[in-house]
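K.L.:
Let me begin by handing over the structure; questions about it come next.
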There are 2 protein chains.
Amino acid sequence: MADTLDARDAAEAPARQGIYDEDGFVASDFLDDVREAIDAERPKDVKAAVEPLHESELGDLLEELDPERRQGLVRLMGSEFDYTALTEVDEAIRLSIVDAMPNEQIAEAVLELDSDDAVYILEDLEEEDRKEILAALPFRERLRLRRSLEYPEESAGRRMQTEFVAVPPYWTVGQTIDYMREDDDLPESFAQIFVVDPTFKLLGAVDLDRILRAKRPEKVEDVMHETRHAIPAEMDQEEAAQIIEQYDLLSAAVVDSGDRLVGVLTIDDVIDIVQAEAEEDIKRLGGVGDEEISDSVLVAAKSRFAWLLINLVTAILASLVIGLFDATIEQMVALAVLMPIVASMGGNAGTQTMTVAVRALASRDIDLYNAGRIIRRESLVGVLNGVLFALIIGAVAALWFQSTSLGMVIALAMVVNMIAAALAGILIPLLLDNFGADPAIASGTFVTTVTDVVGFFAFLGLAAWWFGI
Amino acid sequence: MADTLDARDAAEAPARQGIYDEDGFVASDFLDDVREAIDAERPKDVKAAVEPLHESELGDLLEELDPERRQGLVRLMGSEFDYTALTEVDEAIRLSIVDAMPNEQIAEAVLELDSDDAVYILEDLEEEDRKEILAALPFRERLRLRRSLEYPEESAGRRMQTEFVAVPPYWTVGQTIDYMREDDDLPESFAQIFVVDPTFKLLGAVDLDRILRAKRPEKVEDVMHETRHAIPAEMDQEEAAQIIEQYDLLSAAVVDSGDRLVGVLTIDDVIDIVQAEAEEDIKRLGGVGDEEISDSVLVAAKSRFAWLLINLVTAILASLVIGLFDATIEQMVALAVLMPIVASMGGNAGTQTMTVAVRALASRDIDLYNAGRIIRRESLVGVLNGVLFALIIGAVAALWFQSTSLGMVIALAMVVNMIAAALAGILIPLLLDNFGADPAIASGTFVTTVTDVVGFFAFLGLAAWWFGI
């Protein structure tokens, strides 16, 4: 009953339960207690606080602790530490914890984990350490994990769980239920059972609710559905996630190149993949690669340096354009004052179009058939907003510098740059995608290069021509 | 067997099955066939092509058709049209299809849908139409849908499914299985059954695999687990999704303010929510609000106008700063040529920091305890990259304009602006979040305003002081 009361409290003042405060952060008093218990080396208190936690809560707790206390917590928990929590923390934190552990201890931890979690931890380790850990495992587990690790990075084979329930097609529903009641070696939880032939070729699948609704004498092959969406183990995890998501599957069979069932990809993996891919897109659009908030200063600075260097080159390119008109600016300083406005508006309009284009490409809403329509649409939006902002900035400039001519020049340049922004914003992502590059990663630089260069050139060039200087 | 062969083909040349070509787009020959059948008004051919499709495939097909053919397809399919497909298309397309249908037909469609899909379609309609459609429904359905629609927009109550299986705690596992075998009024698929008291207060839940593994005489209350994560119907969908995701639940009970079970939120809804929220963040960072690729030119232009207008104001602010130094620029045009570089590098560095900060806030990786550490980290990254780029641009400027002094001035200004960028990039999102605003939506403008103003002021001000002009 206590739990449903919790839920009501939550409805009144939205709060998350467990170790979190009402803002969703780890509560400070809980955090202080844990810190104190670690500092005082009191394993009993640490265990009392940590043992009831869900793996994701323990992950959040680890992220809040400083590195020494993290090691301290793992050490004080001993064999009672839930290693699944390591799959819930940033890579940098995971590595710092694992690197501090002897390989035999990692091997013991790996044995306790589901195969997908074990692979997740093992894949980031040094080749040497991984070999030593695998060698310390029993034959069957070693084989399983090695097979998963042989699939490419970010493939379905890497993310799959190798624990699943598979039965032959001629079994009855009753037999199947009895098997599940008696077998102790079942996965911890599952939503689907698979039907395979003697060579383990995948024949179909049955959702558990279908089993429960069938009569005991019915044959499994009569209640199963053909698995239309079996996932090849080599398939990229993003593509696999899209299939599971599109067809609202609770889990999908993963098959090897001989169509044999090798694992299962569950929907909670899909959520992790969907989030990771969205995160990747956002970070690439923002120019920060794979950086995490827990990365060190040096790692962060290095990962951003490359992007800033590219930007420096394109900024110098824009400056060269300005340099062409230095005589014009010398005659009319107002041009230097106003020119960043034209460039900045173009940059923003181009980023807007690019954002829409990158998202549409990611969700496959743009293709060859409607590209024409979308380019037309973006150009029209560019013309429309271009004309509106030309009127506004034209009036502002004319009043500010008491010159109708200057107003006309900046208005014209604004229209030109807004159209250039629209075209660059849609065409650059399309071209990058067409050449197999990720449009999220480089579109931004190219788009703002175009809008800077066109913006400065149109404004200063028109001014030079209009005023004859 | 044909299906497993498909899977193997897919492994060799990654391809999606069904109506898609190898790039994941709707195959052009299929599309042409459907178009032809619609144009020739051949309902039989349209049905033959469309009926085998999954709802999401039908959704993709609808998005590829022009508006007239979309209406044509719905009309020709008649009562065999799968209205669930409407939940798979952009809002603009959904509305255009639904608006063309008479209300009685919508009411018939709604009756066929799961309650969450029905709500999804009804919530976007005009108040008037919605009332008329609800009035045309049988009492029980009307009540159910009206209750969902009374919860706030984007709440768990809006997204929940009101079909679920609930049993009393004193039932045995055998009784429960028999009930599921015989009752015809069960939801289409489910992964969990709920345990309630006579007033429908939620007591617990049992995963189906647990039921299957239990012996028939066991009591439900002995195999159930307490639902620690019941979700209040008023809770924001994003928060609800975070809970389901964090605890890897297949589905979660939704309760009203009296703790009574009113619905269930399933994990496939969570994926949709996670994707929608990531999409929202990306679009807000790009300054395009809720725009969709299918929006009309006018809608798109309007939604982008506000953002561009704010940018215009901030760009004029930056110009005012330049205006302060017009005499200096008149003396030394090289300053006008170089000044956009300082501003642009600051803008990019600020955007990088802001992207990291916005994502860390979204995943609650920043809080009061580590904010200090992260501000320190960002400042150090700013200093480090600031010094590096100061050296580069200082050398470039000194060589370009044959002036060591100019190189020194731009180098100093670069360091100042990179530090300002780091501080603005981290502090602005933190402040916005602190005042309850979404840091994704407005951080960008504020950050680039700071880097433009500081960039121009530092560079031109230092130059004016150094050269005494």
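The values are calculated or read from the model by the stated rules, or taken from the named source; none is laboratory data. Quick caveat, the model's predicted, so the values are computed rather than measured. In this analysis, Cβ positions are derived from the backbone assuming ideal geometry, glycine residues included, and neighbour counts consider all displayed protein chains.
K.L.:
Among all residue pairs at least 6 apart or on different chains, which show Cβ distances below 6 Å where the first residue, located in region A:254-279, is more than 9 Å from chain B (Cβ to nearest Cβ) and the second is of a type in the set (Lys, Arg) and part of a helix (DSSP H, G or I)?
P.N.:
These pairs meet every condition: A:ASP269/A:ARG159.
K.L.:
Continuing with this model, one more query. Quick one: in region A:429-468, which of the residues that are surrounded by fewer than 24 Cβ atoms within 10 Å (Cβ to Cβ) and of a type in the set (Val, Ile, Thr) is modelled with the lowest pLDDT?
P.N.:
Only one residue tops the list, namely A:ILE441.
K.L.:
Of the residues that make up region B:341-354, is at least one assigned to a helix (DSSP H, G or I), over 33 Å from the mean Cα position of the chain (by Cα) and crowded, with 24+ Cβ neighbours inside 10 Å?
P.N.:
Yes: one or more hits.
K.L.:
Within region A:44-70, track down each residue that is more than 28 Å from the chain's Cα centre (by Cα) and either over 20 Å from A:LEU113 (Cα atoms) or touching a residue at least 12 places away in the same chain (Cβ under 8 Å) (or both).
P.N.:
Hits for region A:44-70 are A:LYS44, A:ASP45, A:VAL46, A:LYS47, A:ALA48, A:ALA49, A:VAL50, A:GLU51, A:GLU68, A:ARG69.
K.L.:
While we're looking at this one, here's another question. Any idea how many residues of region B:201-217 are surrounded by fewer than 16 Cβ atoms within 10 Å (Cβ to Cβ) and not charged (D, E, K, R)?
P.N.:
1
K.L.:
If you go through region B:165-172 one residue at a time, do you hit one that is of a type outside the set (D, E, K, R), within 18 Å of A:ILE267 (Cβ to Cβ) and either surrounded by fewer than 21 Cβ atoms within 10 Å (Cβ to Cβ) or facing another protein chain (nearest Cβ under 7 Å) (or both)?
P.N.:
no
K.L.:
Restricting to region B:90-112, name every residue that is without any contact (Cβ under 8 Å) to a residue 40 or more places away in the chain, crowded, with 19+ Cβ neighbours inside 10 Å and either touching a Cys at 6+ places or on another chain (Cβ under 6 Å) or closer than 15 Å to B:ILE293 by Cα (or both).
P.N.:
Of everything in region B:90-112, just one residue is without any contact (Cβ under 8 Å) to a residue 40 or more places away in the chain, crowded, with 19+ Cβ neighbours inside 10 Å and either touching a Cys at 6+ places or on another chain (Cβ under 6 Å) or closer than 15 Å to B:ILE293 by Cα (or both), namely B:ARG94.
K.L.:
I need the full set of residues from region A:113-129 which are surrounded by fewer than 19 Cβ atoms within 10 Å (Cβ to Cβ) and under 26 Å from the mean Cα position of the chain (by Cα), in order please.
P.N.:
Result: A:ASP114, A:GLU123, A:ASP124, A:LEU125, A:GLU126, A:GLU127.
K.L.:
Consider B:ASP23 carefully, then state whether it is under 17 Å from A:GLN242 (Cβ atoms) and either under 32 Å from the mean Cα position of the chain (by Cα) or of a type outside the set (D, E, K, R) (or both).
P.N.:
yes
K.L.:
Filter region B:283-300 for residues that are assigned to a helix (DSSP H, G or I) and surrounded by 21 or more Cβ atoms within 10 Å (Cβ to Cβ); which is farthest from the chain's Cα centre (by Cα)?
P.N.:
Among those that are assigned to a helix (DSSP H, G or I) and surrounded by 21 or more Cβ atoms within 10 Å (Cβ to Cβ), it is B:ALA300.
Residue by residue, here is whether (1) in contact (Cβ under 8 Å) with a residue 40 or more places away in the chain; (2) among the aliphatic types (A, V, I, L, M); (3) outside the structural domain of B:ALA411 (by TED's automatic domain parsing) holds:
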residue	(1), (2), (3)
B:ILE316	no, yes, no
B:SER319	no, no, no
B:ALA343	yes, yes, no
B:GLY372	no, no, no
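K.L.:
Does B:ASP124 meet the test of being in contact with a helix residue (DSSP H, G or I) (Cβ under 9 Å, 6 or more places away or on another chain), outside any helix (DSSP H, G or I), not assigned by TED's automatic domain parsing to the domain that holds B:GLN192 and not basic (Lys, Arg)?
P.N.:
yes
K.L.:
Regarding B:ILE193, is this residue part of a helix (DSSP H, G or I) and in the same structural domain as B:ASP207 (by TED's automatic domain parsing)?
P.N.:
For B:ILE193, the condition - part of a helix (DSSP H, G or I) and in the same structural domain as B:ASP207 (by TED's automatic domain parsing) - is not met.
To keep it simple, each residue is scored yes or no on (1) modelled with pLDDT of 75 or more; (2) more than 9 Å from chain A (Cβ to nearest Cβ); (3) not in a helix (DSSP H, G or I).
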residue: B:THR4; (1), (2), (3): no, no, no
residue: B:ARG16; (1), (2), (3): no, no, yes
residue: B:LEU31; (1), (2), (3): yes, no, no
residue: B:GLU41; (1), (2), (3): yes, yes, yes
residue: B:ALA49; (1), (2), (3): yes, yes, no
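K.L.:
Quick one: A:ILE366 ticks every box in (1) at pLDDT below 95; (2) in a helix (DSSP H, G or I); (3) within 12 Å of chain B (Cβ to nearest Cβ) except a single one, so which number is it?
P.N.:
(2)
K.L.:
Looking at region B:332-342, which of its residues are more than 7 Å from chain A (Cβ to nearest Cβ) and closer than 23 Å to B:LEU380 by Cα?
P.N.:
B:VAL342, the sole residue that qualifies.
K.L.:
Inside region A:263-277, can you point out the residues that are surrounded by fewer than 24 Cβ atoms within 10 Å (Cβ to Cβ) and over 12 Å from B:ILE271 (Cα atoms)?
P.N.:
Correct list: A:ALA276, A:GLU277.
K.L.:
Which members of region B:375-412 meet the condition of being more than 41 Å from the chain's Cα centre (by Cα), of a type in the set (S, T, N, Q) and assigned to a helix (DSSP H, G or I)?
P.N.:
B:THR404, B:SER405
K.L.:
Would you mind telling me which numbered condition in (1) part of a helix (DSSP H, G or I); (2) surrounded by 20 or more Cβ atoms within 10 Å (Cβ to Cβ); (3) in contact with a helix residue (DSSP H, G or I) (Cβ under 6 Å, 6 or more places away or on another chain) A:VAL254 fails?
P.N.:
(1)
K.L.:
Sticking with this structure for a sec: Would you tally the residues in region B:86-102 being within 15 Å of B:ILE133 (Cβ to Cβ) and among the hydrophobic types (A, V, I, L, M, F, W, C)?
P.N.:
6
K.L.:
Would you check which residues across region B:208-238 are part of a strand (DSSP E or B) and at pLDDT below 90 and list them?
P.N.:
Within region B:208-238, B:HIS225 is the sole residue that qualifies.
K.L.:
Check region A:204-219 and report whether any residue there is out of contact with any helix residue (DSSP H, G or I) (no Cβ under 8 Å at 6 or more places or on another chain), more than 10 Å from chain B (Cβ to nearest Cβ) and of a type in the set (A, V, I, L, M, F, W, C).
P.N.:
There is at least one residue in region A:204-219 that is out of contact with any helix residue (DSSP H, G or I) (no Cβ under 8 Å at 6 or more places or on another chain), more than 10 Å from chain B (Cβ to nearest Cβ) and of a type in the set (A, V, I, L, M, F, W, C).
K.L.:
Another one. Do we find that A:GLY372 is more than 10 Å from chain B (Cβ to nearest Cβ), over 16 Å from A:ILE341 (Cα atoms) and either not hydroxyl-bearing (Ser, Thr, Tyr) or not in a helix (DSSP H, G or I) (or both) in this structure?
P.N.:
Here the answer is yes, as A:GLY372 does meet what is asked.
K.L.:
Sticking with this one: If A:THR314 passes every condition in (1) crowded, with 23+ Cβ neighbours inside 10 Å; (2) assigned to a helix (DSSP H, G or I); (3) in contact with a Ser or Thr (Cβ under 8 Å, 6 or more places away or on another chain) but one, which one does it miss?
P.N.:
Evaluating A:THR314 over (1) crowded, with 23+ Cβ neighbours inside 10 Å; (2) assigned to a helix (DSSP H, G or I); (3) in contact with a Ser or Thr (Cβ under 8 Å, 6 or more places away or on another chain) leaves (1) as the failure.
K.L.:
Separate question: Give just the number: which of (1) away from every other protein chain (no Cβ under 13 Å); (2) in a loop (DSSP other than H, G, I, E, B); (3) buried (at least 16 other Cβ atoms within 10 Å of the Cβ); (4) of a type outside the set (Asp, Glu) does B:ARG144 not satisfy?
P.N.:
(2)
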